[in-house]
Amino acid sequence: MKEKLEALRQEALDQLQGVEDVQKLNDLRVKYLGKKGALTEILRGMGALSAEERPVIGQVGNEVRGAIEALIESKQDAFQKAETEQRLQAEKVDVTLPGRKMAQGGVHPLNKVIEEIEEIFIGMGYHIAEGPEVETDYYNFEALNLPKNHPARDMQDTFYITEELLMRTQTSPVQIRTMEKMEGEVPVKIICPGKVYRRDDDDATHSFQFNQIEGLVIGENIRMSDLKGTLLQFVQEMFGPNTQIRLRPSFFPFTEPSAEVDVTCVKCGGNGCRMCKQTGWLEILGCGMVHPKVLEMGGYDPEKYSGFAFGMGVERIAILKYGIDDIRHFYSSDLAFLKQFARM
C-alpha cells in the first residue's frame, strides 16, 4: 500500500505540473483528493492492515495528501496573480486623455422660488417654521376656527388616514403649533413652507399635491396696513419694483377681515392682456387679520394682541414669475423643461 501511495503522489505531481488552466486544476483535485478520488480509494484498504501497519500507512497517506494540496494551492495562487495582472492591463487608464466633463444639474424651479421667497421674508426678520405633513384634524381644522361639519371644509377636502389623521391641506397647522410653543410670548414672525394635499383632479392649474408658504405675525397693535405694506414689499422684490397690489374682500374662517391679493399683471404691467383677461391684475394669495378665536386657540389674548396671516401657492408664484402655462410641468421630470432654469 505504501508503494501505491508513493506512485500516486508522483503521478499526481507530474499531472499538476503541466496544468495550464483553473478548470483542469479543479478536475485533478477531484480526481486525486475527492471523496471518490484515487487517494481515498487506496486508504479504504487500511482496514485490512495490522495494527502496527496502520499508523505508518496513515502518516504516508497524510504526506501524500499534503504534497498534492500544496502544489494545487501554489498553482491556484499563480493563476490568480496572472488573472489579476491581465485584468489590470486591460483596465489600465490612459492618464494623458482629456477629462470628460460631468453633466451639471440645477435647482428645480419650485425650489428656486421657495428659496427666493424665504430670502425675502428672512430679510424682513421672519423665521422659518416647519411641521408634519400628516396632521390631526384638530390642528388642520378645529384650531383654525373650522369645527367639524363646517361648510368651509368642503373647499379643502383631503386624504384621510383615520377619522382624526389626515394629509394636511395647508401649512396653517404650523402656525398653531408655533403659537403653542411660544406660550403667549411675542413677537411671532414666521413663514411656513411645505407640501400640502387636497383631493383635486390634476389639470393645468390644479394638483392633488402642491407647495404652499404661509406667514404669521402676532404682536401688539398689528394692523391691516402692516399686512399690506409687508405684501407690497414682497411682490416688489419678487416681481419687480413697479409691481402694485390690490386687496379684495374675501372670506377665510381663520382671518377676519380677509382679503384676496392681486398684483399688476407680470406680462403687460397692468395694461391688460390675454394673461390677465384684460383686467391688468392677477390673483396670487389670500390674507387677513388673525381671527380672535384662532388667537385664543393658540394661547394669545385677542384683547391684547393682534396679528395677520397670509398664504400663497408656490406653483402659482412660479407660473407667474416664469410664464409657465401648465402646473404639471413641475412634476413631469422633463429634462427639456427643467434645463431652462439651470442657469437662472
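Each reported figure results from applying straightforward, stated rules to the coordinates on display, with no laboratory input. Because the structure is a prediction, the values reported are computed rather than measured. Note: ideal-geometry Cβ built from the backbone for every residue, glycine included; neighbour counts use all protein chains shown.
Taking R0 as 51 Å, what FRET efficiency do you get between E142 and K101 from their Cβ-Cβ distance, rounded to the nearest 0.05? About 0.35, to the nearest 0.05. On a per residue basis, the convex hull of the C-alpha atoms belonging to region 236-294 measures out at 80 Å³. If you average the C-alpha positions of region 188-218 and of region 244-300 separately, how far apart do those two centres end up, in angstrom? A separation of 15 Å, based on Cα centres. Remark: for residue pairs K148/K277; K148/K321; K293/K321; K181/K321; K2/K75, the C-alpha separation exceeds 30 Å in K148/K277; K148/K321; K293/K321; K181/K321. Dividing the summed -39500 (n - 2.57) terms of all DSSP H runs of n ≥ 4 by the residue count of the chain sets its mean residue ellipticity at 222 nm at -12500 deg cm²/dmol.
Enumerate the residues in region 63-82 having an amide nitrogen under 11 Å from the point lying 7 Å beyond the Cα of L88 toward its Cβ. Flagged as within label range: 81-82. To the nearest ten degrees, helix 109-123 and the longest principal axis of the Cα atoms of the chain are 60 degrees apart. Between the Cα long axis of helix 22-33 and the first principal axis of the chain there is an angle of about 50°, rounded to the nearest 10. Once backbone amide H atoms are built at 1.01 Å from N, E256 has M289, V290, H291 as its partners under 5 Å, excluding neighbours fewer than 5 places away on the same chain. Available extension along the chain between T279 and E69 is 66.3 nm, counting 0.36 nm per residue and deducting the alpha carbon span. Given the choices (1) 25.0; (2) 26.7; (3) 20.5, Kirkwood radius over Cα pairs in Å derived from the coordinates of this structure is entry (2). Principal-axis analysis of the Cα atoms of the chain puts helix 172-182 at an angle of about 90° to the longest axis. Relative to one another, the C-alpha centroids of region 1-78 and region 307-344 are positioned 76 Å apart.
The equivalent ellipsoid that matches the C-alpha gyration tensor of region 2-90 spans semi-axes of 33, 11, 10 angstrom, in descending order. Using R₀ = 35 Å, calculate the FRET efficiency as 1/(1 + (r/R₀)^6) where r is the Cβ-Cβ separation of F159 and K293; round to 0.05. Result of the calculation: an efficiency of 0.85.
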